[in-house]
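Single-structure report; data block below.
Each value in this text was obtained by applying a stated rule to the coordinates, not by laboratory testing. Predicted model only: the values in this text are computed from it and were never measured. Ideal geometry is used to build each Cβ from the backbone, glycine not excepted, and the neighbour counts take in all protein chains shown.
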Amino acid sequence: MSNGVASRQRILSGMRPTGPLHIGHLSVLQNWVRLQREYECFFAIVDWHALTTAYDEKTDYGELARQIALDWLSVGLDPEETAIFVQSRVTEHAELFLALAMITPLSWLERVPSYKDQIQHLGSVGKDLHTFGFLGYPLLQAADIMLYKAQAVPVGEDQLPHIELCREIVRRFNYLYEEVFPEPLGLVGQVPLLPGVDGRKMSKSYHNAISIAAATEEIKGQVRMMITDPARLRKDDLGHPEVCVVFKFHQVYSPDVSRVEQECRDGHIGCVGCKAYLAENLDKVLAPYRAKRQEWDEPGLVQRALKRGEERARQAAADTMDEVREVMGLPRNR
Ligand code: TRP
C-alpha cells in the first residue's frame with residue numbers, strides 16, 4: 001500500500017452507560033488505549049443499548065455519557081486520535097439497524113444465547129424483556145460495527161456470540177446485495193475478573209465497586225471493607241489467600257504477589273497491614289488517572305471531545321449509509 005497512514009484498520013467497540021466506571025472496567029479501557037495507536041478507533045457510549053433493558057428508568061443519558069467520557073479520557077483515550085461519541089447522536093445507527101432488520105431472520109435473534117438467559121434472569125426481578133427492542137439488541141450491535149466497516153471488535157468473551165451473529169448478517173447482506181461490509185473479528189482481551197469488596201460481582205448497584213475516580217481516602221475505605229479469610233482472627237493466624245478478596249486484588253495490582261501470599265500463609269502479615277499495602281498500590285495505579293481527569297474536568301471540555309467524535313463518526317457513518325441505500329435501491333441522500 002502506498003500510504004501507510006491511510007491504511008489503518010478500523011476498530012469499533014461500545015460500552016453501555018449504566019453508571020460511572022469502576023476499576024472492573026480498567027483493563028478494558030487500558031486495552032482500548034493501546035489499540036488507538038495501531039487502529040483507527042471508534043468508541044461509542046451505546047445509550048440505545050442501555051434503553052433496551054432500562055426503558056422504564058428515568059436516566060439523563062447526556063449527563064451520564066459526559067461522566068463516562070470523562071472516565072475514558074482520564075484513562076488516556078485521545079480524542080485527537082480516536083472518535084469517542086454517543087451512539088444515539090449518530091442517527092445512522094438507528095437507520096442501519098432498520099435496514100438490517102429487513103434481512104435478519106427472527107430465528108437468528110431468538111437463538112442468541114444471552115437472549116433467553118437475560119429474559120429469564122431479569123424477568124425474575126420483575127423486568128419484562130419481551131420487547132422488539134430487546135430481541136434486536138445484537139442486531140443493533142451488528143449495526144454499530146458495520147456502520148464503520150470495522151474489521152476488528154475488542155470485546156469480552158461473553159460477546160463472541162454477538163460478533164458471530166454480526167458476521168452472519170454481513171455475509172447475508174453481501175450475498176443479497178453487494179460486497180459492502182468486511183467480516184469483523186472479535187478481539188478477546190484478557191480481563192481479570194475482580195469481585196466487589198464484599199466478594200459478590202463488582203457492580204455499581206451493589207455499592208461494592210471502587211470507582212476509577214476514587215480518591216486516596218475512598219480507596220482506603222473501600223479496601224478496608226474487603227472480605228478476608230474468615231479463619232484469620234488474629235494477626236498471626238495462618239492465612240488462606242485463595243479465599244481472600246484482598247488477595248485477588250493483590251494479584252492484579254501488586255508487583256510482589258508471591259511475597260504477599262507467603263507472608264499471609266505464614267501469618268507474618270495481618271489483614272490490616274495487608275489491606276493498607278493493597279490500598280497503597282491501588283492508589284499508585286489510579287493517581288495518574290485522577291491527575292488526567294482534573295485536566296479534562298473543565299466546563300465544556302468533555303462535551304467538545306464528544307462533539308468532535310460525533311462529527312467524525314457521522315462522516316464515516318454517512319459514507320456507509322450512502323452505499324447501503326444505493327445497493328438496497330433506496331434513493332440516495334447526496
Ligand atoms: N453489547 C456490548 C456489551 O454489553 C456493548 C456493545 C454495543 C458493543 N455495541 C457494541 C460492543 C459494538 C462492541 C461492539 O458489552
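Modelled label positions at I227 and E157, each set 7 Å beyond Cα in the direction of Cβ, lie 2.2 nm from each other.
The mean sequence separation of alpha-carbon pairs under 8 Å and at least six residues apart, normalised by the residue count of the stretch 15-107, gives a relative contact order of 40 percent. Under the criterion of Cα pairs below 8 Å and six or more residues apart, the relative contact order for the chain equals 22 percent. The spacing between the stretch 72-95 and the stretch 118-162, judged by their C-alpha centroids, is 19 Å. What's the angle, to the nearest 10 degrees (0 to 90), between helix 137-147's Cα axis and the longest principal axis of the chain? The answer is roughly 70 degrees.
Remark on the stretch 13-109: Rg and Dmax equal 14.8, 42 Å (Cα only).
Per DSSP helix of 4 or more residues, -39500 (n - 2.57); summed, then divided by the residues of the chain. What does that give at 222 nm, rounded to the nearest 500? Result for the chain: -16500 deg cm²/dmol, rounded to the nearest 500. The alpha-carbon atoms of the chain define a convex hull whose volume equals 158 cubic angstrom per residue.
Each of S203, S254 was scored by other Cβ atoms within 10 Å of its Cβ. Arranged with the fewest first, they read S203, S254.
Just subtract the alpha-carbon distance of E298 and Q315 from 0.36 nm times their residue separation and send over the number in nm, one decimal. Can you show the working numbers first?
Numbers: separation 17, 0.36 × 17 = 6.12 nm, distance 2.72 nm.
Gain on extension, E298 to Q315, equals 3.4 nm.
In this model, which of K220/K284; K201/K275; K220/K248; K58/K127; K220/K275; K201/K248 are farther than 18 Å apart at the alpha-carbon? From the list (K220/K284; K201/K275; K220/K248; K58/K127; K220/K275; K201/K248), the Cα-Cα distance tops 18 Å for K201/K275.
For the stretch 115-260, what is the charge dipole size about the Cα centre, in debye to the nearest 20, if Lys and Arg each add +1 at the Cβ and Asp and Glu each add -1 at the Cβ?
Values: 16 positive and 18 negative charges, 86 e Å.
Computed charge dipole of the stretch 115-260: roughly 420 debye.
Axis of helix 301-328 versus longest Cα principal axis of the chain: the two differ by about 40°, to the nearest ten degrees. Between H240 and R111, what is the FRET efficiency for a Förster distance of 35 Å, r being their Cβ-Cβ separation, to the nearest 0.05? Step by step, r from the Cβ atoms, then E = 0.25.
Think of the chain as having a plus end and a minus end, set by charges on the Cβ of Lys, Arg, Asp and Glu; of A287, F43, G14, A287 sits farthest toward the positive end of this dipole.
Would you mind calculating the gained length between R37 and D322 on full extension (0.36 nm times residue separation, minus the Cα-Cα distance), in nm to one decimal? The partial results should precede the final answer.
Numbers: separation 285, 0.36 × 285 = 102.60 nm, distance 2.86 nm.
Taking R37 through D322 to full extension adds about 99.7 nm, to one decimal.
Can you give me the angle between helix 92-101 and the longest principal axis of the chain, using Cα atoms only, in degrees from 0 to 90, rounded to the nearest 10? Helix 92-101 sits at roughly 70 degrees to that axis. S205 label point, 7 Å along Cα→Cβ, cut-off 14 Å on backbone N: hits in the stretch 127-160? Hits in the stretch 127-160 for S205 at 14 Å: 127-129.
For the stretch 147-209, compute the orientation-averaged projected area of the C-alpha convex hull (one quarter of its surface), in nm².
Values: hull surface 22.1 nm².
Averaged projected area of the stretch 147-209's Cα convex hull equals 5.5 nm².
Dipole magnitude for the chain: about 240 debye, using +1 per Lys or Arg Cβ and -1 per Asp or Glu Cβ, origin at the Cα centre. Inter-label distance, R8 to Q251: 3.5 nm, where each label sits 7 Å from its Cα along the C-beta direction. Modelled label positions at H121 and A215, each set 7 Å beyond Cα in the direction of Cβ, lie 3.5 nm from each other.
Could you give the dipole magnitude of the stretch 202-330 about its Cα centre, charging the beta-carbon of Lys and Arg +1 and that of Asp and Glu -1, in debye to the nearest 20?
Working: 20 positive and 21 negative charges, 66 e Å.
Value, rounded to 20: 320 debye.
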